[in-house]
Every structure is written in C-alpha cells, then in structure tokens.
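Heads up: the structure comes next, in structure tokens.
The values are calculated or read from the model by the stated rules, or taken from the named source; none is laboratory data. If you're wondering where the values come from, they're calculated on a predicted model, not measured in any experiment. Virtual Cβ from ideal backbone geometry, glycine too; neighbours counted across all protein chains shown.
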Ligand code: SF4
C-alpha cells in the first residue's frame, strides 16, 4: 500500500525517531515525546516503526489475531447528536429511521446463533428521547421509560433466549446505568474518539454533539473502571484532530487503565468520507497515517488488546497486522456494518487466509477478552452461566467452527 510521508525525512527527525525506537523496552510503554516523534515518522523510518510494533504485539499475544463473530443490532438509529461524520443517525421521519422491536432483536440474534455468532453488539443513538417526542411515544408503546431501560431489557432478552453475549454501545452512561447493564452484559463500550474539545466548535466534527464532550466520555470510562467493568474504547482518527491529539487521547486511555485496569480493548478507527454527511468532502486519513497511529498505539499500550476494523482499510487491511493489532473486531457473517454500510466486512474465510499470510492464526473470541473473563464469570447469575458455557478453556469462544 502506498504510504504518505508525514514529515520530511530531515536528519534531525530521523535521528529522533531512531532514538525513540532504540529506547523501546519489552513491556514498557514509550514516552509521550517518543510517540510524538514516531507518529510523524518519515516513510524511510516506517518499516522500523512497524517492526517494533509487531514485535511488541508478539510479546503480548504471540501468533494469533482474534475477532468476535457477532450480529449487529442497531436498536435505534435515532440520536440526539449530530456528529459530522455519522451515516448511522436519523431523525424521526427520515428514510430508514427505525427502532427495532423485541421480535426483530430476537430474530436477528437467533439467526446469528445459527451461524456460530457469540456476540450481540447493540449499537444505538445517544438518548434520542431527550430530543424527539416520537421516540418518547415509541418507548411508551414498548413499555419502557427510556432508551437505556429498553436496551437493558433487550440485553436481558438476548441473554435469556439465546447463547449470544450482549455488548452494548449506547453512548454516555451514568455509574448507575453501568451497574445495571453489567448485570446483562459481560463488557460494554464507548469510543473516547478524541480528548480535543476544539472539535466541539461550530463547523467542527462534534458541533451539535453534546455527548461528545471529552470530559463526559472520560467520566463514563472512569465510572466503568471503578466498577471493574471490562471496557472497550478507542480513538477516531481523521476528524480534525492532530497527531498530538491522537497521542494525548491514547495517554488518557492509558492513564485510566493504569488506575483501574479495566480497558479490555482499544480501537483505532479511521474516518471514511461518505456522501450525504456534513464531512462528505473531508480528507480521509491515508493508509500511512493509519499504520503509524496503530503502531504508536501498540508501543504506548504494549499490553493492551488493540483492534482496527478491516472493512475501513479494505482492500489493504491485512497490512494492519504488521502494525501491531491483535484483533480485527466484530465481524458478522449475517448483518451489515450499519455504521459504515458501504464498507462490507471481509468474508471470514478471506480474513482467515489473509491473516495466515501475515503469519497469524485467526481465532474467535467472545465480546469479553479472555483475561477479563474470570472476574465476570465468578459473579453469580445467568450472565456468568452463559459466559462459562460460551468460553473454552483458553477463554476464547468455545464454538470452534472454521472461520
Ligand atoms: S456517531 Fe453516535 S453519537 Fe454521533 S450522531 Fe452518530 S449515532 Fe449519534
């Protein structure tokens, strides 16, 4: 894949990158200043950066890249936020605006179960009932006080009626709601995206997106940490942030993980331009930027699970395996990626072959990663029983059908 140079290869910059790479120590995160040099490394230094990241990944989890076989449940695509890059959200009355019924949720979950899925990923807009009377009416008809009450009930339904494990991704959560959802799901997620609040300014990516205030998102992630809830987060690159912002976002995640030990996965997601979004003509981050960001993520977080979605880097996604990821994220054999519907997930057999060509075995994991599983499975109740039934001895998915 062609990779754009980030910084001209001046002798000074090349020397700083060489020093940063020479200072990499096994299992020790690199410093902010090393990360700032490396995330801007020249094309000439990129192979050394990738080699260091891949070696760090191999010290963490050798020989394997995982994925989660999932169904995608867009519980509602109504959302009170208006992120400039979002194709998922709708207003009431827009073509495609929809809130799933319990029957629809169960039908998709059961179809996924037939195909060996182990994760029910609930993605939804953030608190749409605060903005739209139509959503309040929908919830009243369904018999729930809020979208989160409905989400909780649907996680419980999937848990009771199928072998799938829910992983909700509902936006900002209070400490009380984290505790409630943790009863019906082994893990949950919220993308931090960026710590730069400049993106909330008029015309920027998070203009008119009140739930994207970085301090609020950090608070949700911290509240999950206080409750030891395995948590997925990550950064979204190419939405107007700088390389320094990316490093600082990763450092904020690292800080929370150092304090609470609950970050089970960090996603590095790249912005893709799509027609009909406010940022339709915004430049996409190039493959080289993505490789540098993933590699620096690995070196800043050497012992954390790092994921990059393959469909957003197709057709060259397998090169991400050289940059230190150890997970491809949720891949569905059934449902489209409703967040990026124009970017289909790779066929699982293709993913297996291309992962193998990079020297790694593709393995199916559960929504909760193996190292976080024992604490959740030790709790009493249906969730832990379902979790123990779904997990093999290695903590990955017990269903071992061919990818
Ligand atoms: S990205 Fe999420 S919060 Fe933002 S508009 Fe889309 S659904 Fe809403």
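Contact map, region 179-206: residues that are over 29 Å from residue 240 (Cα atoms) paired with residues that are modelled with pLDDT under 95, Cβ distance under 8 Å, separation 6+ or inter-chain. Pairs shown: 183/381. Within region 140-152, is even one residue within 30 Å of residue 353 (Cα to Cα) and crowded, with 23+ Cβ neighbours inside 10 Å? No. Among the residues of region 145-162, at least one is within 18 Å of residue 367 (Cβ to Cβ) and either within 13 Å of the ligand (Cβ to nearest atom) or part of a loop (DSSP other than H, G, I, E, B) (or both).
Among the residues of region 99-142, those identified as within 13 Å of the ligand (Cβ to nearest atom), closer than 28 Å to residue 69 by Cα and assigned to a loop (DSSP other than H, G, I, E, B) are 125, 126, 127. Condition check for residue 332 on (1) buried (at least 16 other Cβ atoms within 10 Å of the Cβ); (2) under 16 Å from residue 246 (Cβ atoms): one failure, at (2). Out of curiosity, is residue 198 within 18 Å of the chain's Cα centre (by Cα) and either in a helix (DSSP H, G or I) or more than 14 Å from the ligand (Cβ to nearest atom) (or both)? Here the answer is no, as residue 198 does not meet what is asked. Flag not set for residue 169, criterion: under 30 Å from residue 302 (Cβ atoms) and either in contact with a helix residue (DSSP H, G or I) (Cβ under 8 Å, 6 or more places away or on another chain) or at pLDDT below 95 (or both). Check region 218-239 and report whether any residue there is under 21 Å from residue 80 (Cα atoms), modelled with pLDDT under 95 and in a loop (DSSP other than H, G, I, E, B). No: zero hits. Annotation note: of 136, 160, 140, the sole residue that is over 25 Å from the mean Cα position of the chain (by Cα), in contact (Cβ under 8 Å) with a residue 60 or more places away in the chain and farther than 15 Å from residue 74 by Cα is 160. Considering every residue within region 41-52, establish whether at least one is assigned to a loop (DSSP other than H, G, I, E, B), in contact (Cβ under 8 Å) with a residue 24 or more places away in the chain, in contact with a helix residue (DSSP H, G or I) (Cβ under 7 Å, 6 or more places away or on another chain) and surrounded by 19 or more Cβ atoms within 10 Å (Cβ to Cβ). Yes - at least one qualifying residue is present in region 41-52. Here region 63-96 is the region considered, the condition is being surrounded by fewer than 20 Cβ atoms within 10 Å (Cβ to Cβ) and away from the ligand (no atom under 12 Å from the Cβ), and the residue that is farthest from residue 161 (Cα to Cα) is 63.
The criterion of being away from the ligand (no atom under 13 Å from the Cβ) and more than 15 Å from residue 233 (Cβ to Cβ) does not hold for residue 205. For the structure I just gave you, tell me whether residue 204 is at pLDDT 95 or above, part of a loop (DSSP other than H, G, I, E, B) and either within 29 Å of residue 37 (Cβ to Cβ) or in contact with a helix residue (DSSP H, G or I) (Cβ under 6 Å, 6 or more places away or on another chain) (or both). Yes; evaluated as a whole, the condition is true for this residue. Of the listed requirements (1) within 19 Å of residue 173 (Cα to Cα); (2) more than 16 Å from the ligand (Cβ to nearest atom), residue 212 misses just one: (2). Of the numbered criteria (1) part of a strand (DSSP E or B); (2) at pLDDT 95 or above; (3) within 15 Å of the chain's Cα centre (by Cα), the one residue 364 fails is (3).
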